[in-house]
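Asks: The structure that follows is given in the form of structure tokens.
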Amino acid sequence: MNNMDNLYRQVIMDHYKNPRNKGLIQDPSYKTIHIKNPTCGDDITVQSKVEDGIVKDVRHDGSGCSICCSSASVMSETVKGKSVQEASVVAENYLNMLANKPYDETVDLEEAIVYQGVRQFPARIKCASIAWKAFEGTLKESE
Ligand code: ZN
């Protein structure tokens with residue numbers, strides 16, 4: 001394992017053990033999307049609150065593997081406070097990176113870049129994707 005892999009693993013384990021923004025909020029101003037990944041047992045719910053074109057808050061809850069749960073935490077920190085447009089661009093590029101599709105490398109994925117190693121494990125790509133897909137879904141509902 002090289003140092004970069006080690007660093008990436010540390011970030012993932014930190015978010016898995018100490019998830020940020022975890023726990024749902026009962027408030028109709030939050031849009032909620034629930035996604036399951038039957039191949040791994042991941043079961044994630046994501047909420048976002050958009051106000052004046054800004055992602056004011058992002059919450060997540062659920063259970064699953066370390067890749068899935070940690071990516072929900074990383075996602076919440078990465079997109080919170082961004083404009084809806086910026087957050088959408090980050091989400092789109094992150095998902096394209098994971099899927100080995102062309103993506104804009106000038107877009108700063110922040111901590112979410114740690115999941116680029118997941119591309120080597122096709123079975124885990126969905127694990128790293130579903131929280132972000134759920135987030136995209138909440139943005140669509142906020143339109
Ligand atoms: Zn998983």
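Asks: Among Asn100, Asn93, which is touching a Phe, Trp or Tyr at 6+ places or on another chain (Cβ under 7 Å) and either farther than 23 Å from Gln10 by Cβ or of a type in the set (S, T, N, Q) (or both)?
Replies: Asn93
Asks: Of the conditions (1) outside any helix (DSSP H, G or I); (2) more than 14 Å from Ala134 (Cα to Cα); (3) away from the ligand (no atom under 15 Å from the Cβ), Thr39 satisfies every one except a single condition; which number is it?
Replies: Exception for Thr39: condition (3).
Asks: For the stretch 8-15, indicate whether the set of residues that are farther than 14 Å from Thr138 by Cα, touching a residue at least 60 places away in the same chain (Cβ under 8 Å) and in a strand (DSSP E or B) is non-empty.
Replies: Looking for residues that are farther than 14 Å from Thr138 by Cα, touching a residue at least 60 places away in the same chain (Cβ under 8 Å) and in a strand (DSSP E or B), one finds none in the stretch 8-15, hence no.
Asks: Ok, one more. If Ser73 satisfies every condition in (1) farther than 20 Å from Gly53 by Cα; (2) of a type in the set (S, T, N, Q); (3) surrounded by fewer than 15 Cβ atoms within 10 Å (Cβ to Cβ) but one, which is the exception?
Replies: Unmet condition: (3).
Asks: Go through (1) part of a loop (DSSP other than H, G, I, E, B); (2) out of contact with any His (no Cβ under 9 Å at 6 or more places or on another chain); (3) surrounded by fewer than 16 Cβ atoms within 10 Å (Cβ to Cβ) for Leu24 and report which single condition fails.
Replies: (2)
Asks: OK, next. Tally time: how many residues in the stretch 1-21 are away from the ligand (no atom under 15 Å from the Cβ) and either of a type in the set (A, V, I, L, M, F, W, C) or in contact with a helix residue (DSSP H, G or I) (Cβ under 7 Å, 6 or more places away or on another chain) (or both)?
Replies: Summing the residues that are away from the ligand (no atom under 15 Å from the Cβ) and either of a type in the set (A, V, I, L, M, F, W, C) or in contact with a helix residue (DSSP H, G or I) (Cβ under 7 Å, 6 or more places away or on another chain) (or both) in the stretch 1-21 gives 8.
Asks: Okay, next question. What is the one condition in (1) in contact with a strand residue (DSSP E or B) (Cβ under 8 Å, 6 or more places away or on another chain); (2) over 21 Å from Thr138 (Cβ atoms) that Lys80 does not satisfy?
Replies: Of (1) in contact with a strand residue (DSSP E or B) (Cβ under 8 Å, 6 or more places away or on another chain); (2) over 21 Å from Thr138 (Cβ atoms), only one is false for Lys80: (2).
Asks: State the number of residues belonging to the stretch 42-59 that are within 16 Å of the ligand (Cβ to nearest atom) and acidic (Asp, Glu).
Replies: So the count comes out to 2.
Only the coordinates and a few stated rules stand behind these numbers; no lab work does. Source: prediction; values computed, not measured. Neighbour counts run over all protein chains shown; Cβ positions are idealised from the backbone, glycine included.
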